1. Quick one: in segment 301-315, of everything that is within 15 Å of the ligand (Cβ to nearest atom), touching a helix residue (DSSP H, G or I) at 6+ places or on another chain (Cβ under 8 Å) and aliphatic (A, V, I, L, M), which residue is most open to solvent (accessible area, probe 1.4 Å)?
2. If you check residue 152 against the conditions, is it open to solvent by 20 Å² or more (accessible area, probe 1.4 Å) and free of Cβ contacts under 8 Å to residues at least 12 places away in the same chain?
3. Out of the residues in segment 218-253 that are surrounded by 19 or more Cβ atoms within 10 Å (Cβ to Cβ) and within 6 Å of the ligand (Cβ to nearest atom), which is nearest to the chain's Cα centre (by Cα)?
4. Please tell me if residue 386 is modelled with pLDDT of 95 or more, at positive phi and not aliphatic (A, V, I, L, M).
5. Looking at (1) over 22 Å from residue 239 (Cβ atoms); (2) under 16 Å from the mean Cα position of the chain (by Cα), can you tell me which one residue 163 breaks?
6. Go through segment 108-148 and give me each residue that's closer than 30 Å to residue 415 by Cα and of a type in the set (Val, Ile, Thr).
7. Say whether the condition of being crowded, with 23+ Cβ neighbours inside 10 Å, among the polar types (S, T, N, Q) and out of contact with any Cys (no Cβ under 7 Å at 6 or more places or on another chain) is met by at least one residue in segment 196-211.
8. Looking only at segment 269-292, which residues are within 22 Å of the chain's Cα centre (by Cα) and surrounded by 23 or more Cβ atoms within 10 Å (Cβ to Cβ)?
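The values are calculated or read from the model by the stated rules, or taken from the named source; none is laboratory data. Being a predicted model, the structure only gives us computed values, none of them experimental. Note that each Cβ is placed from the backbone with ideal geometry, even for glycine, and that neighbours are counted across all protein chains shown. With ligands, DNA and RNA removed, areas are computed over all heavy atoms of the protein, side chains included. Shrake-Rupley method; radii C 1.70, N 1.55, O 1.52, S 1.80 Å.
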Amino acid sequence: MDTLHCPGDPDNLYEQTICEVLNTASFLDLPEHLRLILAQPKNEVMVHFPVQMDDGSWKLMKGYRVQHNNVAGPYKGGIRYHGDVKLDEVKSLAVLMTLKCALMQLPYGGAKGALKIHPRDFSSNELMRMTRRFVAALGDNIGPDYDIPAPDVGTNAQIMAWMADTYINLKGNHGRVDAQSVVTGKPLVFGGSEGREKATGQGLVFVLETLLPGLGIDLAHCSYSLIGFGNVGSWTGRLLQDRGAALTHVMDHTGAISNPDGISARALADHVKKTGGVSGFSDAAPCSTEDFYRAPVDLLIPAALEQMIGPDEAALVNCRLLAEAANAPTTPAGERVLTERGIEVLPAILCNCGGVTVSYFEWKQNRDSESWTEEDVDRKLHEMISDAAHRVHDFAASHSCSMRRAAYAVALRHLEELYTLRGIFP
Ligand code: NAD
């Protein structure tokens with residue numbers, strides 16, 4: 001993608017993501033040099049390092065950090081631990097972070113990282129050792145003013161605490177007081193923010209509260225299904241339960257379950273904490289993947305991995321709206337089928353921007369030595385998200401385009417303005 005011709009491989013996640021970005025840039029008639037800059041990440045860091053296992057054996061680890069763009073500020077984006085991760089996936093997620101931060105007008109660029117491991121295969125001590133070596137291997141490629149990781153699939157507040165502690169130790173006596181702001185999503189007692197753990201689910205709920213009335217869906221009386229019941233899925237479930245919505249179907253890596261009378265997300269979260277997955281939950285019946293997709297619901301919320309809704313799944317689903325809590329869960333071919341069937345798609349860069357927004361609040365609190373209350377965090381998050389949702393909605397209405405096209409366009413206009421003001425070095 002050194003030139004602007006796409007796609008070479010329509011199944012490749014990076015090409016799927018960047019082609020939609022470049023098509024939107026053409027739609028906006030953005031200058032060619034800007035499209036070229038955005039077509040590839042600025043830096044792609046790949047590291048290999050050895051880690052000793054509890055039984056004395058050694059494993060060689062592979063880690064990635066991709067920094068897509070930093071015209072708006074330091075690079076920002078999660079680090080995932082997943083055994084099937086590939087460079088193109090990390091590149092694609094880094095692009096989405098650039099757009100997400102631009103859409104929210106945060107002072108950040110976009111990045112993403114990954115360690116190619118299945119975290120469930122390792123003990124806590126092994127995870128700690130590999131996390132510390134990963135941070136050491138990344139060296140000055142991360143830093144509180146340069147690139148700030150956060151949790152994503154397979155990582156959590158504990159892993160962020162090990163990352164921050166390693167970074168602080170490596171900086172020794174010459175470290176900064178706010179060196180802990182090298183990562184966000186930390187535990188509360190170690191520089192974390194109130195409201196960060198639930199932030200991505202909370203942000204999605206604020207997006208739905210802002211946009212559903214215009215789509216004729218009543219959140220308090222709607223039914224919905226969830227793919228994924230980790231951080232994002234389970235918090236979305238718990239917060240929607242408080243608003244009266246009925247969760248009837250859930251699917252994760254252990255299987256799918258259903259209960260037409262409604263599943264308690266809080267009870268399911270307790271079950272998942274004990275057993276590791278939704279399967280076997282006593283207050284729901286097992287169901288097949290096909291029945292999961294066919295289930296009649298008002299909302300389908302994918303909150304797991306990429307590319308789960310292709311044309312086959314899109315032909316099965318029986319919902320009015322698909323809200324992308326996960327990054328890139330819908331393939332372009334899947335989205336075409338959904339559009340033909342009149343199913344609206346709310347794009348990930350809007351639906352899941354609550355995570356990075358509260359990460360920004362955490363970073364700001366660390367730097368200003370402040371602690372905000374959960375009410376402060378929720379109020380500021382609500383204000384910023386409902387503004388962004390209105391900007392996207394208004395662009396879509398005035399240009400008769402999809403919400404994805406509108407969200408990318410609003411983000412790209414912000415980046416264009418920054419490039420116009422800053423110019424291009426030298
Ligand atoms: P997580 O690791 O906490 O949970 C992942 C979930 O996906 C688990 O429930 C797992 O069972 C499920 N899953 C995995 N493989 C599956 C499969 N084949 N079929 C069905 N379910 C499967 O991850 P998370 O932090 O909740 O992230 C979920 C999505 O949200 C990802 O796309 C991530 O990039 C995105 N996201 C996360 C955050 C955040 O703050 N954590 C912020 C923005 C976006």
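1. Of everything passing the filter in segment 301-315, 304 is most open to solvent (accessible area, probe 1.4 Å).
2. Details: open to solvent by 20 Å² or more (accessible area, probe 1.4 Å): yes; free of Cβ contacts under 8 Å to residues at least 12 places away in the same chain: no.
So residue 152 fails the test.
3. Restricting to residues being surrounded by 19 or more Cβ atoms within 10 Å (Cβ to Cβ) and within 6 Å of the ligand (Cβ to nearest atom), the top hit is 232.
4. Considered against the rule, which asks whether it is modelled with pLDDT of 95 or more, at positive phi and not aliphatic (A, V, I, L, M), residue 386 comes out as no.
5. All conditions are met except number (2).
6. As a first pass, look at segment 108-148 and keep what is closer than 30 Å to residue 415 by Cα: 108-115, 135, 138-148.
Correct list: 135, 142, 148.
7. There is at least one residue in segment 196-211 that is crowded, with 23+ Cβ neighbours inside 10 Å, among the polar types (S, T, N, Q) and out of contact with any Cys (no Cβ under 7 Å at 6 or more places or on another chain).
8. In the first step, residues of segment 269-292 are kept if they are within 22 Å of the chain's Cα centre (by Cα); the result is 269, 272-273, 276-278.
Of everything in segment 269-292, just one residue is within 22 Å of the chain's Cα centre (by Cα) and surrounded by 23 or more Cβ atoms within 10 Å (Cβ to Cβ), namely 278.
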